[in-house]
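The values are calculated or read from the model by the stated rules, or taken from the named source; none is laboratory data. Since we're looking at a predicted model, the values are computed, not measured. No Cβ is skipped: glycine too gets one built from the backbone with ideal geometry, and neighbour counts run over all protein chains shown.
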Amino acid sequence: MSASLEKGINALKQVIDAPIASYFNSCVHCGLCADACLFYTETGDPKYTPIHKLEPLRRVYEQMAEPKWVLAFGVC
């Protein structure tokens with residue numbers, strides 16, 4: 001892994017907190033949020049849907065070693 005990629009992943013890990021963790025765990029990929037995105041409604045391109053834009057951050061969250069429930073409930 002390159003140094004810049006590792007630096008970016010570490011920065012993302014620092015931003016994932018309890019609210020973001022609960023959003024990732026509660027999203028069922030239904031697509032209803034797409035209607036709220038102006039770029040998606042104008043272009044129809046799925047890459048502009050909110051869930052697609054959050055996918056890189058979700059992937060980092062899924063690979064984290066810490067227990068996800070600790071993040072979801074906050075740090076003790």
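Pairs only if they're at least six apart or on different chains, beta carbon under 7 angstrom, first in segment 22-41 and not in a helix (DSSP H, G or I), second not basic (Lys, Arg); list them, first residue then second.
Close Cβ pairs satisfying both conditions: CYS27/ILE51; HIS29/ILE51; GLY31/THR49; CYS37/TYR48; CYS37/THR49; CYS37/PRO50.
Can you tell me which residue in segment 1-18 is nearest to GLU55 (Cα to Cα), limited to those that are in a helix (DSSP H, G or I) and within 11 Å of the chain's Cα centre (by Cα)? If you could, list the steps in order and put the result at the bottom.
To start, the set of residues in segment 1-18 that are in a helix (DSSP H, G or I) comprises 3-15, 18.
From what's left, within 11 Å of the chain's Cα centre (by Cα): 12-13, 15.
Working: LEU12: 12, LYS13: 14, VAL15: 15 Å.
Among them, the one singled out is LEU12.
Could you list all residues from segment 23-76 that are exposed (fewer than 12 other Cβ atoms within 10 Å of the Cβ), modelled with pLDDT of 80 or more, small (Gly, Ala, Ser) and in contact with a helix residue (DSSP H, G or I) (Cβ under 9 Å, 6 or more places away or on another chain)?
ALA36
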